[in-house]
Amino acid sequence: MNEPSAIVLVVDDEVQIRRFLRTGFELNGFVVHEAATGAEAIRSATLRPIDIVIADLGLPDMDGAEVVERIRSWSSVPIIVLSVRSSEAQKVHLLELGADDYVVKPFGMAELLARVRVALRRQSRAASGEPIVKVGPLTIDLSARAVMLNGSRLNLTPKEYRLLQVLAQHAGNVVTHQHLLKEVWGSVHVQDTHYLRIFVRKLRQKIEPHPDSPRILVTELGVGYRLAQSGQDGEGATAWTGGASPAKADG
Amino acid sequence: MPNALRLLNVREPWRGLALTFFMVAVMTAAIHVIILSVGLTRGSVLYLIPVLIASIRWGIVAALFAAVCGVIASAFFFFAPRYSFEIRDPQEVINLALYIFTAIVVSQLAGRLKRQLELSRRREIDLAELYAFSRRLAVAFDLSDIHSAIEDHLAAVIQRKVVLFAGAREANASDRHNNGSVPESVQKLVGDVAGGRRDAGAGVTVAGEAGDVWLVRPVAPKSPEFGVIAINFGRESGGNVDEMRARVDTVLVDATATLERLGVAHAISEARMRAQTDQLREALIGSVSHELRTPLASILGAATVLSTAPALRDDKRLQALVHDVRDEAERLNNDIQNLLDATRISSDGVKPHAEWADPADIINSALDRCRRRLSDRRMVLNLPADLPLIHVDPVLVQQALVQIFDNAVKYSPSGSRITLAARARDGRLILSVTDEGAGLTRAEEAQIWSRFVRGERHSATTSGSGLGLWIANAFIATNGGKMHAVSDGPGLGTTVAIELPVTQAAVPQLESDADE
């Protein structure tokens, strides 16, 4: 248990969903608060200390996007949204509004827990200023601007490093194409996804043990890229069944 | 066009009179020349020529004018006493009578001829329009096609602004048109007529804004489903309005006959019913999907929580049960997703969000999603490292691949090999999935892409809706690609391939600054 007493705010209008999330989180050592509406969620997030928010998009009183936007306007608490399939544009929009990640409904508890842990870890890393990001055999030292694979230093071009740096800053969370393009190439190139495709290919040749089936720099189809963290071995990051057996995902 | 015609009508008589006068003057000069050179004395009969021309060209007024001018000219120039209007010769009187008689008769004849000509020309236009109208009706796809065909036909034939209101329900609400151009008084009358509150029979006229006269009448009094039309006659006075109403009647009788001949009334009510059914179906599927998927999300989530619960974790039998719950719920979820995809495809089509994508990313993502399903097959990948980027909606292509994997798993034995190969050739990227399963008969090969078709040989042993490959095919087609399925025969495995366009020329190059 990495965060033994982390507090989760679960926002969903379906009582059954809230119930299984509460059980699932409590079994894994979290403290759970519930909210059935957007207004309740915002009130709850203002009144109590919350470590992470899990928000459903279809709320009776307001759009999930609005909840994200309003919480994000004053708080940096990690937010994970529960989205439906076939709406990549919506996912991108939510991420741009400040959601940290999304999980596609229906989902398994293991997958959600993995995402929650990643988001919490990122939050605590950001708070402590920890400059080292480790992804499997890959180590990225953000302060020394150094990248190591199995202990030996890699030779990256400045743009390759910048790409990896932006991903490492959000390690474990998905980063949209638009965000990456803007950060690495500037805002005039936000539509040029082919830049990304070609650079990611080059980067994978250098950092992935098997560039054909990447496990470190993972593609989120139609949305962006994610630097997989332990607990998310890349595989099954989008599929609820995840293949990752719960015990493994807990690791 | 109508305005220009009216303008000409005003000017025409004066122009005719002027030309007539000119002709008489020319004729006078010509007779002078003839008398001087040939020595004729009775040249005045030649004044019949301007009379004839004027009566044919400009009608009776100009003809009478020509006759009078001719008589005056011949009295003045050619009869004794010359250069005086005095008439002594009775021949002169006969001439005048002859000219006038000719003028009247010929101009009457010419006028009748002209009217007949005009009538048959108009008839011909009407017929051509009617023909175009029925051709358009024959290819009309839905209600609004039929209505705009009626409307355009009337507008073309009557040469006035015509607005068709489809029925009682639509008369008050906004129609396909921007109703802003139809005055409120007219809209209200249309509403009354369409709603049966007012019997309009052959039509009611009403004054719109700015002194316009509008005619409102049902297209066909006996068939209300054809709707109600409002025609703007412009600022016409009584006589013209009556004439135009008569014309509208004729045109509508023809149009209604055409509509009835083509069974449009039936088609309209059927189309209306179909639209309602479609709406109902979409609402139903929308709510069914929500109503089914929300509990499914709870079931799946709860099952995954249960499988990690300490009380169950160590009991193999209970674990197996929980896994069954999960697997079955997942299958149900896939079936619902397929139904939703199929509805999306057949109702409003799928709009791809194309971007530059790496085929390897699409393949890996599809493999990830199917990993559990593929776990007891030997997966062989044959992917070159340098596949070209493709401009597609990667999510749709991935979903098509997932459907193909699903099918391959469904129709092949556990432990058999599934090969995924990718190659680029001749401006195409080909992704093929080959299994060692049941294969296809010739008949199956032909109908594999149809909706709700499932192999009859397997219907007892496998489950499914028969939607998978149909959905895959639609997703690939919307990305400009094609799908193929080949098999060496029953029991000899199947290869299903996706073919997507790769236009080398269109693959954008990196700008120099992007490449460091």
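The values are calculated or read from the model by the stated rules, or taken from the named source; none is laboratory data. Note that the structure is predicted; figures quoted are calculated from it, not measured. For neighbour counting, all protein chains shown are included, and Cβ atoms are generated from backbone atoms with ideal geometry for every residue, glycine included.
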For segment A:84-134, how many residues are under 14 Å from A:Gly224 (Cβ atoms) and within 12 Å of another protein chain (Cβ to nearest Cβ)? 5
Please find, within segment A:78-114, the residue that is nearest to A:Val53 (Cα to Cα) out of those that are among the basic types (Lys, Arg) and in a loop (DSSP other than H, G, I, E, B). A:Lys105
Modelled with pLDDT of 80 or more and touching a strand residue (DSSP E or B) at 6+ places or on another chain (Cβ under 8 Å): is that true of B:Ala155 in this structure? yes
Give the residue, chosen from B:Thr258, B:Thr277, that is over 30 Å from B:Asn338 (Cβ atoms), within 40 Å of the chain's Cα centre (by Cα) and of a type in the set (Ser, Thr, Tyr). B:Thr258
Residue ID - farthest from the other protein chains (Cβ to nearest Cβ), chosen from residues in segment B:375-386 that are surrounded by fewer than 20 Cβ atoms within 10 Å (Cβ to Cβ) and in contact (Cβ under 8 Å) with a residue 24 or more places away in the chain: B:Arg378
Inspect segment B:500-516 for any residue being surrounded by 15 or more Cβ atoms within 10 Å (Cβ to Cβ) and modelled with pLDDT of 90 or more and give the result as yes or no. yes
Which ones in segment A:193-210 are without any contact (Cβ under 8 Å) to a residue 60 or more places away in the chain, part of a loop (DSSP other than H, G, I, E, B) and surrounded by fewer than 19 Cβ atoms within 10 Å (Cβ to Cβ)? A:His210
Would you please name the residue that is nearest to the other protein chains (Cβ to nearest Cβ), looking only at residues in segment B:335-359 that are over 31 Å from the mean Cα position of the chain (by Cα) and touching a residue at least 40 places away in the same chain (Cβ under 8 Å)? B:Trp356
Within segment A:27-43, restricting to residues that are over 20 Å from A:Trp74 (Cβ atoms) and more than 10 Å from chain B (Cβ to nearest Cβ), the one that is farthest from the chain's Cα centre (by Cα) is A:Ala36
Of the residues that make up segment B:285-293, is at least one hydroxyl-bearing (Ser, Thr, Tyr), over 18 Å from A:Leu112 (Cβ atoms), over 22 Å from the mean Cα position of the chain (by Cα) and within 14 Å of chain A (Cβ to nearest Cβ)? yes
Given (1) surrounded by fewer than 18 Cβ atoms within 10 Å (Cβ to Cβ); (2) farther than 26 Å from A:Pro214 by Cβ; (3) at pLDDT 90 or above, index of the condition A:Ser124 fails: (3)
Hey, does segment B:245-261 have a residue that's more than 14 Å from chain A (Cβ to nearest Cβ) and in contact with a strand residue (DSSP E or B) (Cβ under 7 Å, 6 or more places away or on another chain)? yes
Given the options B:Arg176, B:Arg247, B:Arg169, name the one that is part of a helix (DSSP H, G or I), at pLDDT below 70 and among the basic types (Lys, Arg). B:Arg169
Within segment A:53-77, the residues that are assigned to a helix (DSSP H, G or I) and under 16 Å from the mean Cα position of the chain (by Cα) are A:Val68, A:Arg72
Condition test on B:Ala54, is it surrounded by 13 or more Cβ atoms within 10 Å (Cβ to Cβ), at pLDDT 80 or above, outside the structural domain of B:Lys161 (by TED's automatic domain parsing) and under 17 Å from B:Leu96 (Cβ atoms)? yes
State which residue is farthest from A:Gly98 (Cα to Cα) when the search covers only segment A:135-170 and only residues that are within 14 Å of chain B (Cβ to nearest Cβ) and buried (at least 17 other Cβ atoms within 10 Å of the Cβ). A:Leu156
Could you check segment B:390-408 and list, in sequence order, the residues that are closer than 13 Å to B:Gly468 by Cα, in contact with an Asp or Glu (Cβ under 8 Å, 6 or more places away or on another chain) and of a type in the set (A, V, I, L, M, F, W, C)? B:Ala408
Scan segment A:73-102 residue by residue and report those that are without any contact (Cβ under 8 Å) to a residue 24 or more places away in the chain and in contact with a strand residue (DSSP E or B) (Cβ under 7 Å, 6 or more places away or on another chain). A:Arg85
Name the single residue, out of those in segment A:171-225 being among the charged types (D, E, K, R) and within 23 Å of A:Glu130 (Cβ to Cβ), that is farthest from the other protein chains (Cβ to nearest Cβ). A:Glu183
For segment B:294-309, what are the residues that are at the interface with chain A (Cβ under 8 Å from one of its Cβ atoms) and over 19 Å from B:Gln337 (Cβ atoms)? B:Ala302, B:Val305, B:Ser307, B:Thr308, B:Ala309
So, B:Asp426, is that one closer than 17 Å to B:Arg331 by Cα and either more than 13 Å from chain A (Cβ to nearest Cβ) or in contact with a Gly (Cβ under 7 Å, 6 or more places away or on another chain) (or both) or not? no
Need the failing condition index for B:Leu321 against (1) within 14 Å of another protein chain (Cβ to nearest Cβ); (2) more than 46 Å from the chain's Cα centre (by Cα), just the number. (1)
Taking segment B:125-150 and keeping residues at pLDDT 80 or above, closer than 12 Å to B:Val251 by Cα and not hydrophobic (A, V, I, L, M, F, W, C) leaves B:Glu129
Among the listed residues B:Val288, B:Val325, identify the single one that is out of contact with any Ser or Thr (no Cβ under 8 Å at 6 or more places or on another chain), surrounded by 12 or more Cβ atoms within 10 Å (Cβ to Cβ), closer than 19 Å to A:Gln16 by Cα and at pLDDT below 90. B:Val288
